[in-house]
Amino acid sequence: MSLKTEIHRDDLASKTGMWLFLFTEMLLFGGLFVVYSVYRYRNAEAFHLAAHELSIVFGTANTIILLISSSTIAMSITAIQKKNKTLALLLLGITIFLGLIFLANKYVEWGHHIKEHIYPGSPVLALRGQGDVLFYGLYFFMTGLHALHIIIGLVFIGFIVVFIIRGNVTSDNFVLHENSGLYWHLVDLIWIFLFPLFYLIT
Amino acid sequence: MDISLSLVLFDYLKLTEIMENEKNHIVPYHTFLLVLAGLIALTLISVAVTKIYLGTLTVFIALFIAAVKSTFVLRVFMHLKFENRMFTVMVIAVMLLIGVVIFITLLDYLFR
């Protein structure tokens, strides 16, 4: 086997593909933001009051957790570019850890609402009127869809960890690592808008 | 003819230069930490502002801060600042599209 073949790679194209996918994600959440703005306009008072029941402390903590995790995954790309495999793995580990803490917080928050009989389809919530039903319907759906993206992002980053250990992702072939970072940042980006729209309209 | 050819060549050279830079561009760690500090500060400001009663202005301030934060995330964390211009143009186009859809929908609801 003396025949050497060069494997063709087009990093710009794979990154472009990732961005195109991210645009569909932006439009998906964009559609939900359209729904949110119309319902909020029509039920301003109910949205205003319902938002008081969300914990600003939890929301702020989760925002900061996601921001830190975004910076750690961004730094892990710098680490892999500088051939520092250990640091890259450590930073990705921190990112996964922070993502899990975010989910745990979300679990506590949702658990608290459900314990108070506030969940989509709840008869107690229905008694409180249309505005509250819409607010919590959107709250559970949008934060739930966002949490699903967190889970997918964590799996994606988990793969990158394995690829770095195995040597598939290296200092001169890290486009997959960059793409996982892009996905994670998008999840962060969506939360940046979800947070003020649900928690800070009091 | 000559001019257009040289323009094409110039564009090509510029593109390869960009691609070359992109491959070698390493963002230093402290840039990310600095941006992170800014983002956390903006989050806290955004929370603090809601404690002050400003009426409808509150929403616009919250959204403005969110927009500033997302610009930082897009440009630094997502490397748009160091990337081919094409990506920035596409991101702006998608954001504008979402903005226009929200605007038109609200026009309908506000003035029906």
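Throughout, read-outs are computed from the coordinates displayed, never taken from laboratory work. Since the model is a prediction, treat every value here as computed from it, not as a measurement. Don't worry about glycine lacking a Cβ; one is built from the backbone with ideal geometry, like all the others, and counts go over all protein chains shown.
Some notes on this structure:
- On the beta carbon distance between B:H25 and A:R166, with R0 = 30 Å, the FRET formula returns roughly 0.70.
- For chain A, calculated [θ]222 nm from helices alone, where every DSSP H run of n ≥ 4 adds -39500 (n - 2.57): -28500 deg cm²/dmol
- For A:T16, B:T50, the sequence from fewest to most other C-beta atoms within 10 Å is A:T16, B:T50.
- Sorting A:I190, A:I201 by the number of Cβ atoms found within 10 Å of their own Cβ, with the fewest placed first, yields A:I201, A:I190.
- Between segment A:125-159 and segment A:40-64, the Cα center-to-center distance that results, in Å: 14
- Each of B:F103, A:G30, B:T88 was placed along the dipole of the protein assembly as shown (beta-carbon charges, centred on the mean Cα), and the one lying farthest toward the positive end is A:G30.
- Taking every lysine pair in the protein assembly as shown that is 8 or more places apart or spans two chains, those with Cα atoms closer than 23 Å amount to 19.
- Free of any GluC sites (Glu not before Pro) that DSSP assigns to a loop and that have at most 14 other C-beta atoms within 10 Å, the longest stretch within chain A is A:7-115.
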